[in-house]
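Note sheet for the following structure.
The values are calculated or read from the model by the stated rules, or taken from the named source; none is laboratory data. Because the structure is a prediction, the values reported are computed rather than measured. Every residue, glycine among them, receives a Cβ derived from its backbone with ideal geometry; neighbour counts consider all protein chains shown. In case anyone asks, the SASA skips ligands and DNA or RNA and just uses the protein heavy atoms, side chains included. Shrake-Rupley method; radii C 1.70, N 1.55, O 1.52, S 1.80 Å.
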Amino acid sequence: KLFPYFSEDLLVRYPSTMYEIFQREYGHTVVRVHETVQAVSLDASIAAQLGVDVGVPSLQIRRTAMLHRDIPVETRIRHVHPGLLRYFSTLEGW
């Protein structure tokens, strides 16, 4: 309902982020993102995608992006092999 004509073509026209598409094409601004990070053992499916053994420890990052009034518009789950991770964060606008 919020993004009626969302397509691959929009992703090509806006190579930066989906959030830019949400804002420019639909007038919806992502105002908040929650992420949690936890250590997990990889199951067979994820281990195969990462090319590592089942049970290898990884960091699972769960993200939910929200519009105003806490309307969720994106949920994403990523797995990162900790040996390849470097965490960087910039906080601005306080």
What number comes out for accessible area per residue over the chain if the probe is 1.4 Å? Units Å², please.
77
Need one number: the % of Cα-Cα pairs in region 1-71 sitting beyond the 16 Å mark.
63
Can you give me the % of accessible surface on the chain that is carbon or sulfur? Probe 1.4 Å, all protein chains present, nothing else counted.
54
Would you work out which of ILE21, HIS34, PHE3 lies farthest towards the positive end of the dipole of the chain? Charges go on Cβ: Lys and Arg +1, Asp and Glu -1.
HIS34
Given a Förster distance of 22 Å, the FRET efficiency implied by the Cβ-Cβ spacing of VAL80 and TYR19, rounded to the nearest 0.05, works out to 0.55
Checking GLY83, GLY55, GLY27 against a Gaussian network model of the chain (alpha-carbon springs below 10 Å), the top fluctuating residue turns out to be GLY83
Using Cα pairs under 8 angstrom and six or more residues apart, how large is the relative contact order of the chain, in percent?
20
Highest GNM mean-square fluctuation among LEU50, LEU67, LEU59, for the chain with Cα springs under 10 Å, belongs to LEU50
In sequence order, calculated HN-Hα J values of region 23-31 (Karplus, 6.51, -1.76, 1.60; Hz; x Gly/Pro):
6, 6, 8, 10, x, 9, 10, 6, 10
